[in-house]
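Trainee: This is the structure, below, for whatever I ask next.
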2 protein chains.
Amino acid sequence: MSRWEPNTRERLLDAALELFGERGYDNVTVAEITERAGLTKRTFFRHFTDKREVLFAGQEFLSRVFADAIAAAPEPATPAAAVGRALAAAAAEFGPERQARGRRIRAVVADHRDLHERELLKRATLNAAMAGALRERGVPDPAAELAAEIGGLAFSTAFRRWTEPGNEREFAVLAAEALAELVAATATLD
Amino acid sequence: MSRWEPNTRERLLDAALELFGERGYDNVTVAEITERAGLTKRTFFRHFTDKREVLFAGQEFLSRVFADAIAAAPEPATPAAAVGRALAAAAAEFGPERQARGRRIRAVVADHRDLHERELLKRATLNAAMAGALRERGVPDPAAELAAEIGGLAFSTAFRRWTEPGNEREFAVLAAEALAELVAATATLD
């Protein structure tokens with residue numbers, strides 16, 4: 001299986017985003033998405049359980065990127081450094097050619113409560129993947145859970161800043177900056 | 001409006017939990033819940049938008065408890081201390097008479113992905129309420145966001161431990177302990 005399965009998952013995502021932009025998320029069917037993508041409904045449902053899922057096409061892949069990067073961080077690495085590796089590895093998936101798509105996904109999700117719920121679930125899955133990889137490295141709880149949560153916050157913040165209108169900074173820079181801000185903030189809590 | 005509107009919201013929740021226990025969540029209708037509670041469907045929908053919501057009956061109230069306690073924390077209080085106040089205030093809602101109900105809610109939610117999603121949304125709402133109250137106190141971001149996230153983790157951990165079979169420790173104790181563990185863990189991240 002290739003990274004994002006560009007010939008199916010990405011095609012379906014891009015067809016969906018086109019249609020959502022034209023008619024609004026609620027007025028688009030799976031059949032219309034597959035038709036626009038030049039694929040069958042059967043193909044759609046081999047990849048996604050429902051229309052919502054297509055918007056989060058890359059998230060499972062991203063969970064593996066995060067977990068693999070944490071596992072591969074050189075010893076000794078602090079939990080924050082290992083999480084930094086995860087974000088840096090993820091940044092490879094957020095190149096300038098994906099920024100317009102990121103903005104469109106963000107706009108659709110912001111408008112729909114059930115999509116926002118699904119996004120929270122995906123983010124929780126990402127965090128769980130990071131926490132699991134940190135535990136594998138011997139990071140005890142709750143430090144593993146906390147470092148993963150901070151990684152998730154840094155990721156969300158970086159994605160938000162990266163997709164803001166007019167932003168020209170790279171995802172990798174934004175993610176490293178958001179993580180550093182959060183780690184610095186831990187010293188101000190008590 | 002009383003705290004949990006015990007004569008309606010709690011009655012509906014308890015009727016729902018009874019029925020879910022007897023037949024399983026998927027096999028129970030709103031009509032059956034209202035009949036068991038001796039109330040009308042109209043009353044149900046005045047309080048909840050759907051069947052899922054009844055399981056999270058206390059969450060909006062809890063958001064206010066959290067935010068009010070943070071606002072009322074004596075100056076100067078560190079962000080962690082203010083969050084500790086929020087958890088202590090919430091503990092008043094988790095007395096021994098509510099423990100059996102908490103266990104039943106937890107069991108139903110654990111079995112259903114869509115309920116788990118809704119729970120994540122509710123937890124995100126709680127965290128947002130805490131973060132907002134911390135900002136009102138002048139805590140800057142990302143410290144406000146981070147302290148709220150830690151408060152949410154402490155709350156989830158405490159709720160999980162409190163509803164574990166055989167647990168006899170009080171929610172307030174478990175929440176304070178979970179928060180202290182998380183704050184201590186911040187020093188081990190980098």
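Trainee: For a quick check of your reading of the model, give me the residue pairs whose first member lies in segment A:110-123 and is facing chain B (nearest Cβ under 9 Å), whose second is of a type in the set (Ser, Thr, Tyr), with beta-carbon atoms closer than 9 Å and at least 6 apart or on different chains.
Mentor: Every condition considered, the pairs that remain are A:Arg123/A:Ser156.
Trainee: Please find, among B:Arg46, B:Arg11, the residue that is without any contact (Cβ under 8 Å) to a residue 60 or more places away in the chain, of a type in the set (D, E, K, R) and touching a Gly at 6+ places or on another chain (Cβ under 8 Å).
Mentor: Numbers: B:Arg46 fails: touching a Gly at 6+ places or on another chain (Cβ under 8 Å).
None of the others qualify; the one that does is B:Arg11.
Trainee: Kindly provide the set of residues from segment B:131-160 that are within 12 Å of chain A (Cβ to nearest Cβ) and among the charged types (D, E, K, R), ordered by number.
Mentor: Correct list: B:Asp141, B:Glu145, B:Glu149, B:Arg160.
Trainee: For segment A:138-171, how many residues are among the charged types (D, E, K, R) and either closer than 13 Å to B:Ile150 by Cβ or buried (at least 16 other Cβ atoms within 10 Å of the Cβ) (or both)?
Mentor: Just the residues of segment A:138-171 that are among the charged types (D, E, K, R), to begin with: A:141, A:145, A:149, A:160-161, A:164, A:168-170.
Next, only the ones that are either closer than 13 Å to B:Ile150 by Cβ or buried (at least 16 other Cβ atoms within 10 Å of the Cβ) (or both) stay: A:145, A:149, A:161, A:170.
Final tally of qualifying residues: 4.
Trainee: Take A:Ala175 and decide whether it is part of a helix (DSSP H, G or I), more than 13 Å from chain B (Cβ to nearest Cβ) and closer than 30 Å to B:Ile70 by Cα.
Mentor: Details: part of a helix (DSSP H, G or I): yes; more than 13 Å from chain B (Cβ to nearest Cβ): yes; closer than 30 Å to B:Ile70 by Cα: yes.
So A:Ala175 passes the test.
Trainee: Same structure, new question: Of all helices (runs of 4 or more DSSP H) completely enclosed by segment A:23-116, which ones contain at least 1 residues that are farther than 30 Å from A:Leu179 by Cβ? Full working, then the answer.
Mentor: Numbers: elements: A:30-37, A:41-47, A:59-72, A:79-91, A:99-110.
By residue number, A:30-37, A:41-47.
Trainee: Sticking with this one: Determine whether segment B:71-94 contains at least one residue that is more than 30 Å from B:Gly138 (Cα to Cα) and not assigned by TED's automatic domain parsing to the domain that holds B:Glu10. Spell out the reasoning first.
Mentor: Of the residues in segment B:71-94, the ones more than 30 Å from B:Gly138 (Cα to Cα) are none.
No: zero hits.
Trainee: Right, next: Kindly indicate whether any position in segment A:33-54 is β-branched (Val, Ile, Thr), over 21 Å from the mean Cα position of the chain (by Cα), loosely packed, with under 13 Cβ neighbours inside 10 Å and over 30 Å from A:Arg135 (Cβ atoms). Don't jump to the end; show me each part of the working.
Mentor: Let us first name the residues in segment A:33-54 that are β-branched (Val, Ile, Thr), namely A:33-34, A:40, A:43, A:49, A:54.
With the extra rule that they be over 21 Å from the mean Cα position of the chain (by Cα), the set shrinks to A:33-34, A:40, A:43.
Then keep just the ones that are loosely packed, with under 13 Cβ neighbours inside 10 Å; that gives A:40.
Narrowing further to those that are over 30 Å from A:Arg135 (Cβ atoms): A:40.
Yes, because at least one residue in segment A:33-54 is β-branched (Val, Ile, Thr), over 21 Å from the mean Cα position of the chain (by Cα), loosely packed, with under 13 Cβ neighbours inside 10 Å and over 30 Å from A:Arg135 (Cβ atoms).
Trainee: Residues being under 15 Å from the mean Cα position of the chain (by Cα) and either closer than 20 Å to B:Ala185 by Cβ or not small (Gly, Ala, Ser) (or both): count how many of those fall in segment B:109-151.
Mentor: Of the residues in segment B:109-151, 18 are under 15 Å from the mean Cα position of the chain (by Cα) and either closer than 20 Å to B:Ala185 by Cβ or not small (Gly, Ala, Ser) (or both).
The values are calculated or read from the model by the stated rules, or taken from the named source; none is laboratory data. Bear in mind that the values here come from a model prediction, so they are computed numbers and not experimental data. Ideal geometry is used to build each Cβ from the backbone, glycine not excepted, and the neighbour counts take in all protein chains shown.
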